[in-house]
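Have a look at the structure below before the remarks.
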Amino acid sequence: MKIKASLIVVTTLGCLLLAGSMVWANTETTATETSTEVVSETNAVAVETIDQSSIVPKTEADKTKGVEVWSDIYKVLSHPRCVNCHVPDDRPRWSGKHYGKTQVHGMNVQATATRMGKPGEQMCTTCHAKTNSDVPHGPPGAEVWALAPVEMIWWDKSSKELCAIVKDPSKTGGRDISSFAEHISHDALVAWGWNPGLGREPAPFSAEKTVAMLEQWLALGLPCPE
Ligand code: HEC
Ligand code: HEC
């Protein structure tokens, strides 16, 4: 309620060109402070409840095998069908053979903080339907269509970097490896990565195989490449 009220005040003031700059600055600070509090509270809960640091390989052989398994998991998570949505900003990417060159999403698409588009103007679902378009270079589709939350950044990460990210609950929406695998087993957007529509290369392996690899990696102590 408090956030909403402050935001409305900010918007209203924005329209009044005569608004005093002191009042403007004060109101803006209040809105920012309030939302920062909310965000850090959420993260604190996530980090507190999950700690995977005690999970380590039992033997050198487990470590070697585990790193091998991870490198196949990395082939999936770093594939264009996945990273095009797991980006550090609010611009989805167009990358992979289908697009010729890597670029930000055309048509000035902005996900905004909602990660779903500009409310009241242009949402992802303005173009992305519940199923893939059957026209070449038409919009792909799934049950839902949104950019991944901003903490889940996989774009342009090396194998070593992404390995650390996936093990850090503050960067996975509070998920441990089991619930990370669980998400892959049932999520509609993840499933789309293996059914991406006309002319797009699917992610390697399959969702089932990726889940199995994550479970195997967990049993081997979650080693990362050095
Ligand atoms: C104005 C229409 C339009 C809007 C709005 C739109 N998209 Fe798209 N999007 C497209 C089209 C068309 C393509 C396919 C382009 C092609 O195949 O060359 C596409 C492709 C994509 C791809 C690439 C998928 C892949 O890996 O091949 C992603 C990711 C994507 N959109 C995300 C989003 C997100 C997230 C939003 C909302 C923030 C959004 N789009 C809003 C039209 C749109
Ligand atoms: C169209 C955009 C889009 C595409 C394509 C996409 N994701 Fe995501 N991803 C999301 C969104 C949105 C979330 C947040 C969902 C949630 O937290 O409930 C998410 C969250 C996740 C999560 C849980 C987050 C975490 O770190 O624990 C996993 C795992 C995941 N995605 C895997 C994948 C994989 C694997 C692919 C490719 C096969 C993929 N995603 C492709 C949008 C996308």
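When residue 101 is evaluated against the numbered criteria (1) over 25 Å from residue 185 (Cβ atoms); (2) in contact with a Phe, Trp or Tyr (Cβ under 9 Å, 6 or more places away or on another chain); (3) surrounded by 13 or more Cβ atoms within 10 Å (Cβ to Cβ), which criterion, by number, is the only one it fails? The one condition residue 101 does not meet is (3). Within the range 197-223, being without any contact (Cβ under 8 Å) to a residue 24 or more places away in the chain and away from ligand 2 (no atom under 12 Å from the Cβ) holds for 208, 212, 219.
Each row is one residue, and each column tells you yes or no for (1) within 16 Å of ligand 1 (Cβ to nearest atom); (2) among the β-branched types (Val, Ile, Thr); (3) in the same structural domain as residue 140 (by TED's automatic domain parsing); (4) in contact with a Pro (Cβ under 9 Å, 6 or more places away or on another chain).
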position: 161; (1), (2), (3), (4): no, no, yes, no
position: 179; (1), (2), (3), (4): no, no, yes, no
position: 184; (1), (2), (3), (4): no, yes, yes, no
position: 191; (1), (2), (3), (4): yes, no, yes, no
position: 194; (1), (2), (3), (4): yes, no, yes, yes
position: 198; (1), (2), (3), (4): yes, no, yes, yes
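Against the test of being out of contact with any Gly (no Cβ under 8 Å at 6 or more places or on another chain), modelled with pLDDT of 95 or more and either hydroxyl-bearing (Ser, Thr, Tyr) or not assigned by TED's automatic domain parsing to the domain that holds residue 204 (or both), the options 126, 114 yield a single qualifying residue, 114. For the range 69-99, a tally of residues being more than 21 Å from residue 137 (Cα to Cα), in a helix (DSSP H, G or I) and of a type outside the set (Asp, Glu) returns 8.
Candidates 166, 104: the one that is assigned by TED's automatic domain parsing to the domain that holds residue 69 and within 12 Å of ligand 2 (Cβ to nearest atom) is 166.
Restricting attention to the range 109-154, the residues that are open to solvent by 40 Å² or more (accessible area, probe 1.4 Å), more than 20 Å from residue 187 (Cα to Cα) and under 19 Å from the mean Cα position of the chain (by Cα) total 4. Of all the criteria given as (1) closer than 22 Å to residue 162 by Cα; (2) open to solvent by less than 50 Å² (accessible area, probe 1.4 Å); (3) part of a loop (DSSP other than H, G, I, E, B), the one not satisfied by residue 56 is (2).
The values are calculated or read from the model by the stated rules, or taken from the named source; none is laboratory data. This structure is a prediction, so every number in the text was calculated from the model and none was measured. We place every Cβ from the backbone using ideal geometry, glycine too, and count neighbours over all the protein chains shown. Calculation scope for accessible area: heavy atoms of the full protein, side chains included, ligands and nucleic acids excluded. Shrake-Rupley method; radii C 1.70, N 1.55, O 1.52, S 1.80 Å.
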